[in-house]
Amino acid sequence: MNKKHYLNEAITETESKIWEFLVNTGSCYKEIAAQFNISPKTVSVHVSNLHKKLGTHSLIKLAILGWKTNLRINSVSPKLLALIAIKEQLIELNNKIDNFIEIEKKNEQSNTRE
């Protein structure tokens, strides 16, 4: 089996192919599963393994690392970039909501003490 080594762990040939396909096409797990004749859950496991082995936590970091390691990446798909942008906006909105809730809790505690 052909394995490439990143960090301290080997990336399997299947993981490498899924990594390339994911970044090049921006496909969802169901589409990747159909392409490789595996289940979407198996795709999810392979992507999780990639994140663990590469020390990444996002698809954009997988894409950047792919470029840096000469993975066969033609370009990051516009679909993937749009999904990443939406995810980042949702994370930012979630953080703002969490901050608002914390402030409200502190205000309630202050009002209760008075």
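Could you count how many residues in the stretch 57-90 are surrounded by fewer than 16 Cβ atoms within 10 Å (Cβ to Cβ) and either more than 14 Å from Glu15 (Cα to Cα) or at pLDDT 90 or above (or both)? Full working, then the answer.
Just the residues of the stretch 57-90 that are surrounded by fewer than 16 Cβ atoms within 10 Å (Cβ to Cβ), to begin with: 57-58, 61, 64, 67-70, 72, 74-75, 78-79, 81-83, 85-90.
Next cut, either more than 14 Å from Glu15 (Cα to Cα) or at pLDDT 90 or above (or both) only: 57-58, 61, 64, 67-70, 74-75, 78-79, 81-83, 85-90.
Within the stretch 57-90, residues that are surrounded by fewer than 16 Cβ atoms within 10 Å (Cβ to Cβ) and either more than 14 Å from Glu15 (Cα to Cα) or at pLDDT 90 or above (or both) number 21.
Working carefully through the options Glu31, Glu15, find the one that is of a type in the set (Asp, Glu), buried (at least 16 other Cβ atoms within 10 Å of the Cβ) and either touching a Gly at 6+ places or on another chain (Cβ under 8 Å) or at pLDDT 85 or above (or both). Walk me through how you get there before you give the answer.
Working: Glu31 fails: buried (at least 16 other Cβ atoms within 10 Å of the Cβ).
None of the other options fit; the residue is Glu15.
The values are calculated or read from the model by the stated rules, or taken from the named source; none is laboratory data. Since the model is a prediction, treat every value here as computed from it, not as a measurement. Reconstructed Cβ throughout: ideal geometry from the backbone, glycine too, with neighbour counts over all protein chains shown.
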